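Quick notes on the structure that follows.
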Amino acid sequence: MKIGIGSDHGGFALKKAIINRFTDIHFDDVGTYDEESCDYSDYVSKVCYKIQKGELEYGIVVCGTGIGASIAANKIKGIRAALCCNEFMAEMSRRHNNANVLVLGGRVLAEEFSFKIVERWIDSSFEQGRHQRRIDKIHELEIAQNNSA
């Protein structure tokens, strides 16, 4: 499995820890590569555009709280980013919402707890069925937004 991963300075330490912890996953690390102040939207967009182009299927993005990264990611067509604060949210984001981007807060989650969230997210899969109808409606919202712009 190959997963895009990116962070700003506030999520850098957690991003690095995730890469080091999940050695069985090939991560496409788009940056940042240090803790110098930078903008999360720059790295979130790199991960999300690779998903949008079909170069990656999934991504993980990390900023200080996860809020900004979540907002930025969900502005990109075809991205269903879920800010997850626990394992249940991670599982449901995949099972019911077919989330293709996991968002974490590097300054609000303990490292070991974050690993559990990532593991649950990776191990969960989309249930389809009635949930596909809802995903289709989200896609319709994107189309309507593009047509009204």
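The values are calculated or read from the model by the stated rules, or taken from the named source; none is laboratory data. No experiment lies behind these values; they were computed from the predicted model shown. Positions of Cβ are generated from backbone atoms using ideal geometry, with glycine treated the same way; all protein chains shown enter the neighbour counts.
Per-structure values
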{"item": "Matching entry among 36, 55, 87 (being closer than 21 Å to residue 21 by Cβ and of a type in the set (D, E, K, R))", "result": "87"}
{"item": "Test: residue in region 38-48 that is crowded, with 16+ Cβ neighbours inside 10 Å, in contact with a strand residue (DSSP E or B) (Cβ under 8 Å, 6 or more places away or on another chain), closer than 21 Å to residue 136 by Cα and not hydrophobic (A, V, I, L, M, F, W, C)", "result": "no"}
{"item": "Tally of residues being of a type in the set (A, V, I, L, M) and over 18 Å from residue 1 (Cβ atoms) across region 12-49", "result": "4"}
{"item": "Residue satisfying all of: in region 9-40; part of a helix (DSSP H, G or I) and in contact with a Leu (Cβ under 9 Å, 6 or more places away or on another chain); farthest from residue 51 (Cα to Cα) among these", "result": "14"}
{"item": "Count of residues meeting criterion [more than 20 Å from residue 132 (Cα to Cα), buried (at least 22 other Cβ atoms within 10 Å of the Cβ) and among the aliphatic types (A, V, I, L, M)] in region 57-82", "result": "6"}
{"item": "Selection within region 118-130 - modelled with pLDDT of 85 or more and outside any loop (DSSP other than H, G, I, E, B)", "result": "118, 119, 120, 121, 122, 123"}
{"item": "Evaluation of residue 93 against (1) within 17 Å of residue 5 (Cα to Cα); (2) under 11 Å from the mean Cα position of the chain (by Cα) (one fails), failing number", "result": "(1)"}
{"item": "Any hit, region 136-143, residues being of a type outside the set (S, T, N, Q), closer than 18 Å to residue 9 by Cα and either free of Cβ contacts under 8 Å to residues at least 40 places away in the same chain or in a loop (DSSP other than H, G, I, E, B) (or both)", "result": "no"}
{"item": "Unique residue being touching a residue at least 24 places away in the same chain (Cβ under 8 Å) and either among the aliphatic types (A, V, I, L, M) or in contact with an Asp or Glu (Cβ under 6 Å, 6 or more places away or on another chain) (or both) when the list is 50, 116, 46", "result": "116"}
{"item": "From the options 104, 109, 141, residue that is of a type outside the set (Gly, Ala, Ser) and more than 19 Å from the chain's Cα centre (by Cα)", "result": "141"}
{"item": "Residue check for residue 122: touching a residue at least 40 places away in the same chain (Cβ under 8 Å), farther than 22 Å from residue 17 by Cα, surrounded by 13 or more Cβ atoms within 10 Å (Cβ to Cβ) and of a type in the set (Val, Ile, Thr)", "result": "no"}
